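Here the structure comes first, spelled out in C-alpha cells, and everything after it is commentary.
Each reported figure results from applying straightforward, stated rules to the coordinates on display, with no laboratory input. Predicted model, so just to flag it, every value in this text is computed and none were measured. Positions of Cβ are backbone-derived with ideal geometry, glycine not excepted, and every protein chain shown enters the neighbour counts.
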Amino acid sequence: MSKLMTVDILSSIKGAKPSEAVNKLFDDIKSADINGEASINLNKNSVSLQDLRDDVVIESSALEKQIIIENFPKEKNGYLVVSKVIEE
Amino acid sequence: MSSQILKIHQQLVNKEITCTALVQEKLELLSQNTNNTVNSLLSDTALNLAAKVDEKIANGENIGLLEGIPFGIKDVYMVQGTTTTASSNLLKNYKSAYTATAIQKLLDAGAIPLVKENCDSFGHGSSSENTIFGSVKNAVNPELVGGGSSGGSAVNVAKNYTVFSIGGDTGGSIRQPAGYNNIYGLKPTYGRISRYGIMAYASSTDCVGPIAKSVEDIRIVLNAMSGKDVKDQTTYASAEIDADAIKTSEGIKTVGYFKNFIESDAISPEIKADFLSAIEKIKAKGIEVKPLDFFESNTLVSTYYTLAMAETASNLSRLDGTNYGNRIEAENLKETYAVTRSENFSEETKRRIVGGNQVLSQGFSDAIYLKGLALRDAIANNFEDDFKKVDIILSPVTPNTPPKIGDSLKDPHAMYLSDAYTVGFSLGQLPTLTVPQGTETGLQITAAKQNDELVLKFANFLKDTI
C-alpha cells in the first residue's frame, strides 16, 4: 500500500476533496498569534491515572443484546452477514 | 418568566390538571407543529408514564418535583428502544440499545420524555438546516433559522411544546439557538454532566445541558443531571445548587467583557449598542465593569473548528455500515465503507470529516493541529488570568440576528465565523448561560470552571437589572 494517502481514502468518502471554507480556517490558525505563550500541550484535559475506573466487564441486558442484533444491517439463516473481507 | 416546572408540579398536586391531559396536549402540539422540530414522538411511552403519575396522585402519594413534567430530547441522545438518528441518513433507522446517563437521571426523577428533536446532523451546524427532517424554523419568525445545532429543542421550549429540553453544546449549540429563540440555555462546566450516551461530536468540548424558560427551571434540571459517572471518566462530583443560594447577587463585584468582541466590524450596530447599554445598567447597580483583552475572533473560530473537526473525523470513523446504520453493499469491504459513507453523510458532515483528516495528516498536524492545541492552552490560561480580575464575563451570544433559512448553507465559512462569541468558552470548558435579555439574541454569562452557581446567580440579578 502506498504510504501517501489522499483525504478521500483517509475519510472513506468517495471523491472527497479539501474545501475552500475549511482551508480558510487553516490559514487563520497558521497565522494566529499565540502571544508568546507557546505552552505546547500541557495536557490540561487529561484524566489522572489515579482516577481511572476499574477494568471490569459489565454484562449487557437481554434487551440491549436484542436491539444490537436488530440494528445489524443484514441477516441470513440466523447469521449476521458482513461484506466480503479483502486482503492486501 | 417564573418556573414552569414548579407551576405544573403545583397544578398536578392540587389536581387542577391531570398528567395524561398535559402530555396529550403537548403531543398534539408537537405533532401539528410546522417548525420541523420533531424527528420522532414517544407517544406510547409518554402516555403510559403519565397514567402512572396520575395513579400515584389519585392514591394520595407524594410526587417529586420533576415527576410528570414533559420534556424533549435532542436526537443525539440514546434512549433505549427509541430511534436515534442524529438527524442523519446513515442512522435514520438506528435503535438505541441503551439510555444516556443524563436522560436516565431525568427518567429516574419521573420526568416524561415526549420527543426526539430535530438538530443539525451529528451536531454539525449552526442553523439546524443540515438535517434530513427539514430545516428547523425559528419560533419568533419562521422565515429565519431556529439556530443550531440544538434548534428543534430550543424552538420546542420557546413554543411551549416541551417544558424543558435537553440539548448538546460543543461550540455553542445550546447557547446560540437559545439566543435566537429568546429563552435560557446552559452549557455547564465540561464534566459536570456525563456524556455517556450522547453521540460524540468533539469529545473534549461536548456538553449536555438544559434549555428552558426560566433560571429556576435550568437550576432544577441541572441538579437532576449532574454528578460523577463511572461511564464518563471526565465527569466530576458537584454539589447541588440551592435555590436560595442564587437569589441575590452577593459576592459579584466585578464584571468583565471582551473589548474586541464589541469593537469588531462583524457585530451589528444594534447588538453593539444594546450590549453597551446593558453594561451601563450593570454599572449603575454599583458593579465594577472591566474591559478585557482576548484572542481575535478568527483565531478562536479556527482553533475550535480545527480541534472539533479532528475529533469528529475520529469519532465518526466508526460509522461505516458494518454493525449498524444504513449499509450500502459494494464489491468488497473497503468499497462498502466508502459507498456507505459517501451516500449517507451530508455535505457539511463530509466537509468536517475531510477537514479533520487533513489536520491529522503528516505534514499538516504540526502547523495546524498541534498549534490548535497550543492555542487552546493559551486561551484557557487567558481565562484563568481573567477570573483573577473579574467574577463574571458578559458577552453577546452572536454578532448578528438569525439568518434567513437557506443563507447559511450557501456560505459555510460565514456560518463558522458566526460562532465567534460562543466557541472560546467551549475551548475553556467554562459554564456559560444564554439569557434572553440585553440584545436581540440575548447575553452570555460566564464564570470560572465549576462555578455554575455564580452564573445562575448573575442571571437572576440581570432579570431585575435590565
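Mean per-residue shielding of peptide B:226-233 is 2, counting Cβ atoms of other chains within 10 Å of each Cβ. What is the local net charge at B:K7, summed over the other residues whose Cβ is closer than 11 Å to its Cβ (Lys, Arg +1; Asp, Glu -1)? Neighbour charge sum, excluding B:K7 itself: -2.
Put simply, the convex hull of the Cα atoms in the range B:1-137 casts, on average, a shadow of 8.8 nm². Which stretch or stretches of the range B:333-362 have amide N atoms under 18 Å from the point lying 7 Å from B:T83's Cα along the Cα→Cβ direction? Residues B:344-346 qualify, since their backbone N sits under 18 Å from the label point.
Evaluated on the range B:38-95, the Kirkwood hydrodynamic radius is 13.2 Å, with distances taken between all distinct Cα atoms. Taken one residue at a time, the phi angles of the range B:178-184 give Karplus couplings (6.51, -1.76, 1.60, θ = phi - 60°) of 4, x, 5, 10, 6, 9, 8 Hz. Gly and Pro are set to x. Its alpha carbons considered, the range B:191-238 gives a radius of gyration followed by a Dmax of 11.2, 31 Å. Taking 26 Å as the straight-line reach from the Cα of A:K76, the lysines in range (excluding those fewer than 8 positions away in the same chain) are A:K65, A:K84, B:K92, B:K95, B:K334. Under the combined filter of DSSP loop state and at most 15 neighbouring Cβ atoms within 10 Å, the range B:287-373 retains these GluC sites (Glu not before Pro): B:E296, B:E329, B:E331. When you restrict to C-alpha pairs under 8 Å that are six or more residues apart and normalise by the size of the range B:160-240, the relative contact order lands at 34 percent. Classify the range B:410-466 as rounded, prolate or oblate, taking a ≥ b ≥ c as the square roots of the eigenvalues of its Cα gyration tensor: rounded when a/c is under 1.5, otherwise prolate if a/b is larger than b/c and oblate if not. Verdict is oblate for the range B:410-466. A simple rule links phi to the HN-Hα coupling: the Karplus curve 6.51 cos²θ - 1.76 cosθ + 1.60 with θ = phi - 60°, which for the range B:2-10 gives 7, 5, 6, 5, 5, 5, 5, 4, 5 Hz, with x for Gly and Pro. Rounded, prolate or oblate: pick one for the range B:153-253, where a ≥ b ≥ c are the square roots of the eigenvalues of its C-alpha gyration tensor, a/c under 1.5 means rounded, and failing that, prolate if a/b is larger than b/c, else oblate. Cα axes put the range B:153-253 in the oblate bin. The radius of gyration of the Cα set in the range B:57-197, together with its Dmax, comes out at 15.0, 48 angstrom. Local charge for B:A100 was computed over the other residues whose Cβ lies under 13 Å away, with Lys and Arg +1 and Asp and Glu -1, and equals 0.
Counting partner chain Cβ atoms within 10 Å of every residue's Cβ in A:77-85, what's the average?
Mean partner-chain Cβ count within 10 Å for A:77-85: 4.
Figure legend: label point modelled 7 angstrom from the Cα of A:L63 along Cα→Cβ; residues of the range B:29-58 with amide N under 20 Å from it are B:40-54. Neighbour counts of C-beta atoms inside 10 Å place B:M309, B:M225, A:M5 in the sequence A:M5, B:M225, B:M309, starting with the fewest. 3J(HN,Hα) couplings calculated from phi for the range B:309-319 with the Karplus curve 6.51 cos²θ - 1.76 cosθ + 1.60 (θ = phi - 60°) are, in sequence order, 5, 4, 6, 6, 4, 6, 4, 8, 5, 6, 8 Hz; Gly and Pro show x. Can you tell me the FRET efficiency between B:N260 and B:E61 if r is taken as the Cβ-Cβ distance and R0 is 51 Å, rounded to the nearest 0.05? Working from the Cβ atoms, E equals 0.35. Counted by neighbouring Cβ atoms within 10 Å, the residues B:H413, B:H124 run from fewest to most as B:H413, B:H124. Separation of the range B:61-101 and the range B:414-449, taken as the distance between their Cα centroids, equals 26 angstrom. Taking every DSSP bridge with both residues inside the protein assembly as shown, close to 65 percent are antiparallel.
What is the mean number of Cβ atoms from other protein chains located within 10 Å of the Cβ atom of each residue in peptide B:316-324, rounded to a whole number?
Other-chain Cβ atoms within 10 Å of each residue's Cβ, averaged: 3.
Rounded, prolate or oblate: pick one for chain B, where a ≥ b ≥ c are the square roots of the eigenvalues of its C-alpha gyration tensor, a/c under 1.5 means rounded, and failing that, prolate if a/b is larger than b/c, else oblate. Here chain B falls in the oblate category.
Highest mean packing first, where packing is the average number of other Cβ atoms within 10 Å per residue, the peptides B:211-222, A:50-61 line up as B:211-222, A:50-61. Quick note on the range B:234-335: its Rg to Rh ratio, both from C-alpha atoms and Rh being the Kirkwood radius, is 1.22.
Peptides B:179-188, B:100-109 ordered by packing proxy, namely the average of other Cβ atoms within 10 Å per residue, highest first: B:179-188, B:100-109. How much net charge surrounds B:P177 when only other residues with a Cβ under 13 Å from its Cβ are counted (Lys, Arg +1; Asp, Glu -1)? Once all neighbours under 13 Å are counted, the net charge is 0. Rounded to the nearest whole angstrom, the semi-axes of the ellipsoid equivalent to the protein assembly as shown, taken from the Cα gyration tensor as √(5λ), stand at 34, 32, 21, largest first. Take the Cα of B:K404, step 7 Å toward its Cβ, do the same at B:A239, and the gap between the two points is 5.3 nm. Label-to-label distance, B:S31 versus B:I17, with points set 7 angstrom from Cα along the beta-carbon direction: 1.9 nm. Cross-linked pairs B:K7/B:K231; A:K74/B:K74; A:K30/B:K290; B:K105/B:K213; B:K7/B:K253; A:K24/B:K290: Cα-Cα separations exceed 26 Å for B:K7/B:K231; A:K74/B:K74; A:K30/B:K290; B:K7/B:K253; A:K24/B:K290.
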